[in-house]
1. I'd like the full set of residues that are of a type outside the set (D, E, K, R), under 19 Å from L236 (Cβ atoms) and open to solvent by 10 Å² or more (accessible area, probe 1.4 Å), limited to region 209-218.
2. List every residue pair whose Cβ atoms lie under 6 Å apart, where the two residues are 6 or more positions apart in sequence or sit on different chains, the first residue falls within region 271-284 and is part of a helix (DSSP H, G or I), and the second residue, located anywhere, is open to solvent by less than 70 Å² (accessible area, probe 1.4 Å) and modelled with pLDDT of 85 or more.
3. Considering (1) in a strand (DSSP E or B); (2) of a type outside the set (V, I, T); (3) more than 26 Å from L236 (Cβ to Cβ); (4) touching a residue at least 40 places away in the same chain (Cβ under 8 Å), say which one M13 fails and leave the rest.
4. Modelled with pLDDT under 95, out of contact with any strand residue (DSSP E or B) (no Cβ under 7 Å at 6 or more places or on another chain), outside any loop (DSSP other than H, G, I, E, B) and of a type in the set (S, T, Y), is that true of S2?
5. Among the residues of region 93-116, how many are charged (D, E, K, R) and either modelled with pLDDT of 90 or more or surrounded by fewer than 16 Cβ atoms within 10 Å (Cβ to Cβ) (or both)?
6. When F167 is evaluated against the numbered criteria (1) over 25 Å from Q74 (Cβ atoms); (2) over 19 Å from the mean Cα position of the chain (by Cα); (3) not acidic (D, E), which criterion, by number, is the only one it fails?
Amino acid sequence: LSSVAPLTDLSVMLIDPYEASRSVLRDAVSQLGSRDIQGMRGYADAMRMLRKPGVTIDVILCEYHLSGNRDGQQLLEELRSEQIISPRTSFLMVTAEASMKRVAAAAEFVPDGYVVKPCSVDQLNARLTRSVKKRQVLAPVFALIDRGRFREAAAESLRIAEAQPVFQADCARMEVDLMLNHGDEPGARRLLESLVAASEPAWAVLQLARLKYKDDKLDEAADMLERLLSAHPDYLRAHDALVDVRLRQGSREAAMSILKQASARSNANVSRMRRLGNLAEDLG
């Protein structure tokens, strides 16, 4: 282990339905310096705790296979999209499936790291060290965001990306979000177009398609989303975006078909199921 434990002075939440697994992780996390460790059995426990006023967690280690209808990726999506956890919080996915990364890579909210079980303390140390370092490197950006200085935060994110290329992808996503949040859609569009042209990251394709939709360029948006789903059929938010496009185009039957496909892949999303039911009722 390194001389400086990565979790010293940091709070950690362990989310795993099995007590034995939580115990193993707790021992490893304790060896890595954390003295503030909370164990949660699953989605409901974690949500209940994280929604409490004043609760802040620095690092979350979450098992991918949770009990019930939701998995770890769906939990991450809700925590990030509803801003239940801080952007500073590191979220690492724990799973026995080495292939899971390939599936989750298309997700809109990607974990800060993956821990494949069984995992030694040294391996966990390596994953956490990188995640905690990213948190430290991006700290100036978070500080500017806290003060409402979004343009300066975007500029700082760009500076960090140039200085430390290993965090370039993380900084690019932050830059896009910051530009959109303070109304610089032209800047966000230019950055997204350059990212898509260079490597077509799934999240950037989805975000650019959403802007095309907003600009009423429906055919372009549909083409982008169709190609994205051809490469990543489990990318549920791309399904949702394509439904929006088809509905605006007046193709309700096509939207219904897309919603059925998405709902079959994940029946735990209540809003998507409700939307499917409403559309089915409209179509008789």
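The values are calculated or read from the model by the stated rules, or taken from the named source; none is laboratory data. None of the values given here were measured: they were computed from a predicted structure. When we count neighbours, we look across all protein chains shown, and the Cβ atoms used for this are built from the backbone with ideal geometry, even at glycine. Ligands, DNA and RNA are stripped out before the accessible areas are found, and what is left, the full protein with its side chains, is counted by its heavy atoms. Shrake-Rupley method; radii C 1.70, N 1.55, O 1.52, S 1.80 Å.
1. Going through region 209-218, the residues of a type outside the set (D, E, K, R) turn out to be 209, 211, 213, 218.
Next, only the ones that are under 19 Å from L236 (Cβ atoms) stay: 209, 213.
If the condition is that a residue be of a type outside the set (D, E, K, R), under 19 Å from L236 (Cβ atoms) and open to solvent by 10 Å² or more (accessible area, probe 1.4 Å), then Y213 is the only one that fits.
2. L276/L259; L279/M256
3. In the conditions (1) in a strand (DSSP E or B); (2) of a type outside the set (V, I, T); (3) more than 26 Å from L236 (Cβ to Cβ); (4) touching a residue at least 40 places away in the same chain (Cβ under 8 Å), M13 misses (3) alone.
4. no
5. Within region 93-116, the subset charged (D, E, K, R) is 97, 101-102, 108, 112.
Subset that is either modelled with pLDDT of 90 or more or surrounded by fewer than 16 Cβ atoms within 10 Å (Cβ to Cβ) (or both): 97, 101-102.
Residues in region 93-116 being charged (D, E, K, R) and either modelled with pLDDT of 90 or more or surrounded by fewer than 16 Cβ atoms within 10 Å (Cβ to Cβ) (or both): 3 in total.
6. For F167, the failing item is (2).
Here is a yes/no grid of residues against (1) surrounded by fewer than 17 Cβ atoms within 10 Å (Cβ to Cβ); (2) not aliphatic (A, V, I, L, M):
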residue	(1), (2)
G148	yes, yes
E152	yes, yes
S157	no, yes
A163	yes, no
V166	yes, no
M179	no, no
R189	no, yes
E193	yes, yes
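Here is a yes/no grid of residues against (1) open to solvent by less than 20 Å² (accessible area, probe 1.4 Å); (2) over 12 Å from the mean Cα position of the chain (by Cα):
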{"residue": "K52", "(1), (2)": "no, yes"}
{"residue": "I57", "(1), (2)": "yes, yes"}
{"residue": "L61", "(1), (2)": "yes, yes"}
{"residue": "S90", "(1), (2)": "yes, no"}
